[in-house]
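Here's the structure, in structure tokens; my notes come after.
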Amino acid sequence: AQSVTQLGSHVSVSEGALVLLRCNYSSSVPPYLFWYVQYPNQGLQLLLKYTSAATLVKGINGFEAEFKKSETSFHLTKPSAHMSDAAEYFCAAYSGNTPLVFGKGTRLSVIA
Amino acid sequence: EAGVTQSPTHLIKTRGQQATLRCSPISGHTSVYWYQQALGLGLQFLLWYDEGEERNRGNFPPRFSGRQFPNYSSELNVNALELEDSALYLCASSPPGQQANYGYTFGSGTRLTVV
């Protein structure tokens, strides 16, 4: 069964610093991969998705992620953090006819 | 287009009671998914409905059940509520056959508190 691991339940960065949130998937068959963001007391919003077209995927709000098959990774990055980026981020994978599997989430704090 | 709508936004129930949560998918979306987000546990898959049928079920006891109506809206029922059922319940939808390419659109959730 597919599983998704997000390294670090909490990441803290300074405003203007690089954001790096890590995600690894377990399947030997590269799945479709997604990053979602959740602001307090809200649902999840899709940031970006990998569907095998291009390994570097650009999303909303300046985020991007790179699919690396050799590392079974799909890490999320943003060159310069803003205060408004503070939220919880979830990586998810889809493979086969089963629902999306989510990682446990990484809470991003941005320090002024 | 209208997004995924969930009602109520908050629900407070007493242990042992039943809770009913409702979800309306985006127009044209036939698949509805329910997830439980309990504190510190991430998103746990509950149920998947498509075209009125239950397609998949997560590792939850039978007192968690639901259904999908002909207009593709859905409800989640939780019987014999326990304190640990307190969580944010998220509903999501996707177009027919488009889980992989589209992903899901989520509603804002129903916050269930069991006291």
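The values are calculated or read from the model by the stated rules, or taken from the named source; none is laboratory data. Predicted, not measured: the structure shown is a model, and the values here were computed from it. Here the Cβ positions follow ideal geometry from the backbone for every residue, glycine too, while neighbour counts run over all protein chains shown.
Within the stretch A:32-54, if we keep just the residues that are hydroxyl-bearing (S, T, Y) and closer than 23 Å to A:N97 by Cα, the residue that is farthest from the chain's Cα centre (by Cα) turns out to be A:S52. Across the stretch B:31-49, the qualifying residues are those that are at pLDDT below 95 and more than 10 Å from chain A (Cβ to nearest Cβ), and the one among them that is nearest to B:D85 (Cα to Cα) is B:A38. Within the stretch A:11-44, the residues that satisfy the criterion of being modelled with pLDDT under 95 and surrounded by fewer than 18 Cβ atoms within 10 Å (Cβ to Cβ) are A:S26, A:S27, A:S28, A:V29, A:P30, A:Y39, A:P40, A:N41, A:Q42. Among the residues making up the stretch A:55-112, those that are touching a helix residue (DSSP H, G or I) at 6+ places or on another chain (Cβ under 9 Å), surrounded by 20 or more Cβ atoms within 10 Å (Cβ to Cβ) and assigned to a strand (DSSP E or B) are A:K78, A:Y94, A:L108. Scoring B:F64 on the criteria (1) within 14 Å of chain A (Cβ to nearest Cβ); (2) surrounded by 13 or more Cβ atoms within 10 Å (Cβ to Cβ); (3) under 25 Å from A:A1 (Cα atoms); (4) among the hydrophobic types (A, V, I, L, M, F, W, C) leaves a single failure, condition (1). Scanning the stretch A:61-112 for residues that are away from chain B (no Cβ under 14 Å), closer than 13 Å to A:L33 by Cα and in contact (Cβ under 8 Å) with a residue 40 or more places away in the chain yields A:T72, A:S73, A:H75, A:L76. If you go through the stretch B:7-46 and keep only what is in a strand (DSSP E or B), touching a Gly at 6+ places or on another chain (Cβ under 9 Å) and closer than 23 Å to A:C91 by Cα, you end up with B:S31, B:V32, B:W34, B:Y35, B:Q36, B:Q37, B:L43, B:Q44, B:F45, B:L46.
Among the strands (runs of 3 or more DSSP E) confined wholly to the stretch B:61-115, which include 2 or more residues that are farther than 27 Å from B:Q17 by Cα? If you could, list the steps in order and put the result at the bottom.
Working: elements: B:64-68, B:74-78, B:87-94, B:110-114.
Ranges flagged: B:87-94.
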